[in-house]
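Here is the structure we will look at.
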Amino acid sequence: MSSSPDYEIPIRPRRLRSTKNIRRMARETRLSTDNLIAPQFVMDGENEREEVSSMPGVYRRTIDRLVDHAETLQDLGIPAVALFPALPDPLKTPDAEHALDPDHLYPNAIRALKDAVPELMVITDTALDPYNADGHDGIVRDGRIDNDATIQVMCQMAILHAEAGADIIAPSDMMDGRVGAIRDALDSSGHTDVAILAYTAKYSSNYYAPFRDALDSAPKSEAEAPEKELPDDKDTYQMDPANGEEAVRELRLDLDEGADMVMVKPALPYLDVIHRVQAHSDVPVAAYNVSGEYAMIKAAAQNGWLDGKACAMEALTGIRRAGANLILTYFAEDAARHWLSK
Ligand code: PBG
């Protein structure tokens, strides 16, 4: 017999926590493979993969290996990949012109993926950082990132990706007006069916460091290019981590310009932003659980300080609960293969 208190407890939320099955019945948030997008890094070469040192378990793959892996992801039920190219240094130039070469690693990878696994959605990235010797997402002129010149290139990139078979174009550059310009460019080149996933609220975050390792794409400091007086951060185009209202403004612009889906990035330090954007959005909201968020959990797990699987699942569930319909995450494969089905 339980001891009765001398005061009343009329409402007892613990009833809905008392067994596994009642917890399942009361659960508000579901995570499924439908929600997952797997980012992928592709590099030149044949039959090779290299682990990204700051992202254990994440690889750069040559196109043939990427295609094999994509088949696995498709079999696991993951609906989409987001593709990023790792270019060798000599192909990175101040004008990033390699981005528009119709026969290079990136469009070739898109074509190979769509040939081999046509059902798998391919999300391509339009930003110049993998191609730019400066490591910036845009064209740099006189030490500044030139918004409108960048958009011109972005539009041509979008058409190139669409011609190679991209299903969804994802501008990750944060230039003003690029969603509308890309929509126009796609429509006037006959690609009306290609969707746009806008990086709507992309913050100038320190959590991108392992991704920049993966692509060797960190913005070059003045020491490396002193004559250019370049900023060694992306603060003039990516958002200030202190701002939340501004995300709603960016959302309004992207929706007006025709975004089919929108994104908040990173995810975990910005759960309030995900919530705000979801509340104002009538299109699917994605969140990018970025490289640094992955690396933190992995590193702690490798040290035996955290249970990696449990913490990853808790993080992904939290991102869903905050309001993300889709999550770009380096945990996608593990979640789909081992964690979600059980
Ligand atoms: C660049 C880009 C970045 C990421 C995706 N696209 C890095 C940056 O803006 O410097 C980061 C993704 C991650 O950290 O996982 N256009």
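General remarks:
- Working from Cα pairs under 8 Å separated by at least six residues, relative contact order for the chain is 18 percent.
- Taken about its Cα centre, the chain carries a charge dipole of roughly 2400 debye when the Cβ of each Lys and Arg holds +1 and the Cβ of each Asp and Glu holds -1.
- Rounded to the nearest 0.05, the FRET efficiency derived from the C-beta distance between Lys309 and His280 at R0 = 45 Å is 0.85.
- In this simple spin-label approximation, Asp146 and Thr93 carry label points 7 Å from Cα along the Cα→Cβ vector, and these lie 1.5 nm apart.
- Residue among Pro94, Gly165, Met261 farthest towards the positive dipole end of segment 31-263, charges placed on Cβ: Met261
- Listed values for segment 261-269 are Karplus-derived 3J(HN,Hα) couplings in whole Hz (6.51 cos²θ - 1.76 cosθ + 1.60, θ = phi - 60°), namely 8, 10, 9, 10, 7, x, 9, 5, x, and x replaces Gly and Pro.
- Sorting 108-117, 161-170, 42-51, 301-310 by average packing, meaning the other beta carbons within 10 Å per residue, from highest down gives 161-170, 108-117, 42-51, 301-310.
- Between helix 147-164 and the chain: long-axis angle, C-alpha atoms, 0 to 90°, nearest 10: 80
- A crude spin-label estimate for the pair Leu16 and Ser4, with each label 7 Å from Cα along the Cβ direction, gives 2.7 nm.
- Size estimate for segment 31-263 follows the Kirkwood approach: the inverse of mean 1/r over distinct Cα pairs works out to 18.0 Å.
- Ascending count of other beta-carbon atoms within 10 Å, so fewest first, for Tyr237, Tyr270: Tyr237, Tyr270
- Structure-based [θ]222 nm, the chain - -39500 (n - 2.57) summed over DSSP H runs of at least 4, per residue, nearest 500: -10500 deg cm²/dmol
- Helix 271-280 and the long axis of the chain differ in direction by around 80°, with both axes built from C-alpha atoms.
- Cα gyration tensor shape for segment 192-312, rounded if a/c is under 1.5, else prolate or oblate: oblate
- Taken over segment 31-263, lysine pairs spaced eight or more positions apart, or on distinct chains, with alpha carbons under 22 Å apart number 7.
Every number in this text was worked out from the coordinates using simple rules, so none of it is lab data. Remember, it's a predicted structure, so these values are computed and weren't measured experimentally. A quick note on method: Cβ atoms are made from the backbone with ideal geometry, for glycine too, and the neighbour counts reach across all protein chains shown.
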